[in-house]
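The values are calculated or read from the model by the stated rules, or taken from the named source; none is laboratory data. All of these numbers come straight from a predicted model, not from anything done at the bench. Cβ atoms come from the backbone with ideal geometry, glycine included; neighbour counts cover every protein chain shown.
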Amino acid sequence: MATTLITGGTVVSATGRGEADVLIDGETIAAVLAPGSQLLGTDVAASVDTVIDATGKYVIPGGIDAHTHMELPFGGTNASDTFETGTRAAAWGGTTSIIDFAVQRYGERVQDGLAAWHEKAAGNCAIDYGFHQIVGGVDDDSLAAMRGLVDEGISSFKLFMAYPGVFYSDDAQVLKAMQVSQETGLLTMMHAENGPAIDVLAAQLADAGKKAPYYHGIARAWQMEEEATHRAIMLANLTGAPLYVVHVSAKQAVDQLAWARDQGWNVFGETCPQYLYLSLEEQLGAFSEEWGQFEGAKWVCSTPLRSSRDGHQHHMWQALRTNDIQMVSTDHCPFCMKGQKDLGLDDFRAIPNGIGSVEHRMDLMYQGVVTGKITLERWVELTSTTPARMFGLYGRKGVIQPGADGDVVVYDPNGHTRISAASHHMNMDHSAWEGFEIDGHVDTVISRGKVVVDGGQYHGSKGDGRFLKRGLSQYLI
Ligand code: URP
Ligand code: ZN
Ligand code: ZN
């Protein structure tokens with residue numbers, strides 16, 4: 001088994017930082033040592049196969065992106081990243097595990113949806129991967145099948161209060177699924193937007209000739225998110241189900257979560273980099289030579305980007321600091337402009353919803369450290385440690401300690417990254433982050449002991465990643 005020593009760096013965890021060397025033996029972290037340690041009278045550095053000099057750099061646990069949609073069939077097309085391209089891009093960006101969403105729709109069996117996702121991912125991933133289960137058709141069969149998910153290593157499922165006719169569940173279905181959540185310990189993940197009301201607003205806008213991408217954000221008003229978030233919280237409280245609200249963007253939805261947590265209720269929230277940096281006016285209202293007003297389609301996602309005028313972004317950063325929001329995932333759901341987003345050229349309702357960011361999450365969130373909005377430790381907690389705890393991976397993932405998987409990133413705070421579609425590794429013909437200048441750089445990425453990215457080169461292979469059979473969330477009470 002090959003041994004690797006990462007030496008000279010500052011090891012950062014969710015609880016602190018310190019100078020230490022990290023020894024990886026095979027696929028596993030063997031020791032965290034005082035710098036320059038000796039073992040059995042010999043310099044450790046002299047006895048390992050590979051030494052990585054991390055002087056002046058941070059050594060952090062590999063990122064865990066708990067919300068991705070590789071190859072998702074959605075909006076009349078498929079998300080443009082396959083498990084192969086998307087996980088490779090994730091590795092480039094310092095993410096060493098993803099949790100993707102297997103899909104079940106009305107009339108389909110949950111078991112078949114899960115099997116189809118295993119088929120898509122197996123042998124193709126660059127990094128380790130797990131699944132949540134989308135239950136897009138709650139009925140007696142799917143409710144029964146949900147009871148078998150924990151044994152399959154799938155300890156969370158997603159419901160949608162949005163997208164009528166696609167993944168939507170009404171309140172009765174949500175209630176029934178949450179009852180199963182309460183009984184089994186499956187964590188309920190909720191897309192909290194009032195879909196039926198949004199569809200009425202969207203149709204009214206389109207009928208009035210307001211069909212540009214900008215109106216996607218108008219139809220999906222913050223009231224739709226606040227109301228659905230509140231409803232999800234109350235249904236979860238009634239049933240005793242643990243609740244995790246995905247891709248929170250509105251400050252009013254954050255306040256609902258904060259209120260529920262202040263009651264001592266077991267609810268959690270995730271946000272995404274797009275809700276911390278991008279806005280309704282600037283992005284959804286954008287104009288370009290090539291696309292005209294349709295340029296805004298690059299940022300059509302749900303929940304939508306929020307107005308820069310109403311303080312949503314500031315509120316969200318604050319919530320990350322105060323732990324009203326506990327995690328940052330990407331909701332990576334990429335679509336190309338040509339041949340995919342342009343399905344909605346004449347009507348925003350037909351634009352496939354989604355933004356691709358799996359490669360940039362660690363960098364984008366590090367900017368919060370640079371600007372003093374979060375600490376280094378909180379950066380690690382939001383992007384790796386809490387995702388591991390929330391989704392039953394902690395100990396193996398999310399921490400640098402003996403016995404954990406050798407998933408480690410060497411991050412250079414003095415490096416620089418310029419984001420562009422010309423240089424990113426995601427399978428997209430544009431970048432929602434074009435021209436973003438990042439203070440910091442992912443230098444080296446080690447995935448289960450294998451150096452997959454180093455010195456600007458990719459050393460991994462398709463199939464390096466293994467399926468992660470997850471345990472129950474550590475946040476269950
Ligand atoms: O716009 C988004 N979020 N697309 C992916 C599907 C979802 O709702 O997460
Ligand atoms: Zn969603
Ligand atoms: Zn999503």
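Brief remarks follow.
- Top-ranked residue in region 445-477 [being among the aromatic types (Phe, Trp, Tyr) and not in a loop (DSSP other than H, G, I, E, B); ranked as surrounded by the fewest Cβ atoms within 10 Å (Cβ to Cβ)]: 458
So that you can scan it fast, the table gives a plain yes or no per residue for (1) buried (at least 16 other Cβ atoms within 10 Å of the Cβ); (2) of a type in the set (Asp, Glu); (3) more than 22 Å from residue 338 (Cα to Cα); (4) without any contact (Cβ under 8 Å) to a residue 40 or more places away in the chain:
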| position | (1), (2), (3), (4) |
| --- | --- |
| 64 | yes, no, yes, no |
| 71 | yes, yes, no, no |
| 74 | yes, no, no, no |
| 82 | yes, no, no, no |
| 87 | yes, no, yes, no |
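- Residue match in region 163-177 (condition: among the hydroxyl-bearing types (Ser, Thr, Tyr), more than 16 Å from ligand 1 (Cβ to nearest atom) and surrounded by fewer than 22 Cβ atoms within 10 Å (Cβ to Cβ)): no
- Of all residues in region 161-176, those satisfying the criterion of being more than 15 Å from residue 108 (Cβ to Cβ) and within 14 Å of ligand 3 (Cβ to nearest atom) are 161, 162, 163.
- Of the residues in region 406-415, at least one is in contact with a strand residue (DSSP E or B) (Cβ under 8 Å, 6 or more places away or on another chain) and in a loop (DSSP other than H, G, I, E, B).
- None of 341, 298, 373 is of a type in the set (Lys, Arg), over 28 Å from residue 14 (Cα atoms) and either without any contact (Cβ under 8 Å) to a residue 60 or more places away in the chain or in contact with a Gly (Cβ under 6 Å, 6 or more places away or on another chain) (or both) except 341.
- Reported count of residues in region 329-361, each being away from ligand 2 (no atom under 16 Å from the Cβ), hydrophobic (A, V, I, L, M, F, W, C) and closer than 19 Å to residue 249 by Cα, is 0.
- Selection within region 109-162 - β-branched (Val, Ile, Thr) and within 19 Å of the chain's Cα centre (by Cα): 127, 134, 135, 154
- Every condition in (1) free of Cβ contacts under 8 Å to residues at least 40 places away in the same chain; (2) on the phi > 0 side of the Ramachandran plot is met by residue 247 except one, and the failing one is (1).
- Residues located in region 426-444, provided they are among the acidic types (Asp, Glu) and either modelled with pLDDT under 95 or not in a loop (DSSP other than H, G, I, E, B) (or both): 437, 439, 443
- Residues being more than 28 Å from residue 93 (Cα to Cα) and of a type outside the set (Lys, Arg) - total across region 261-280: 6
- Candidates are the residues of region 221-267 that are of a type in the set (Ser, Thr, Tyr) and crowded, with 24+ Cβ neighbours inside 10 Å; the one that is nearest to ligand 1 (Cβ to nearest atom) is 249.
- Residue-level analysis places residue 94 among those that are within 30 Å of residue 154 (Cβ to Cβ), buried (at least 23 other Cβ atoms within 10 Å of the Cβ) and touching a helix residue (DSSP H, G or I) at 6+ places or on another chain (Cβ under 6 Å).
- Check on residue 371, more than 30 Å from residue 219 (Cα to Cα), more than 16 Å from ligand 3 (Cβ to nearest atom) and crowded, with 24+ Cβ neighbours inside 10 Å: no
- Cβ pairs under 8 Å, 6+ apart, first in region 190-206 and more than 25 Å from residue 234 (Cα to Cα) and touching a residue at least 12 places away in the same chain (Cβ under 8 Å), second of a type in the set (Asp, Glu) and surrounded by fewer than 20 Cβ atoms within 10 Å (Cβ to Cβ): 206/347
- Those residues of region 268-294 which are of a type in the set (Asp, Glu), in contact (Cβ under 8 Å) with a residue 12 or more places away in the chain and more than 16 Å from ligand 1 (Cβ to nearest atom), in sequence order: 281, 282
- Checked against the criterion of being closer than 30 Å to residue 241 by Cβ, surrounded by 22 or more Cβ atoms within 10 Å (Cβ to Cβ) and in contact (Cβ under 8 Å) with a residue 60 or more places away in the chain, the candidates 388, 432 yield just one match: 388.
- Search result, residues across region 16-46 that are within 18 Å of residue 396 (Cβ to Cβ) and either loosely packed, with under 13 Cβ neighbours inside 10 Å or polar (S, T, N, Q) (or both): 28
- Any hit, region 318-326, residues being under 16 Å from the mean Cα position of the chain (by Cα), within 15 Å of ligand 3 (Cβ to nearest atom) and β-branched (Val, Ile, Thr): no
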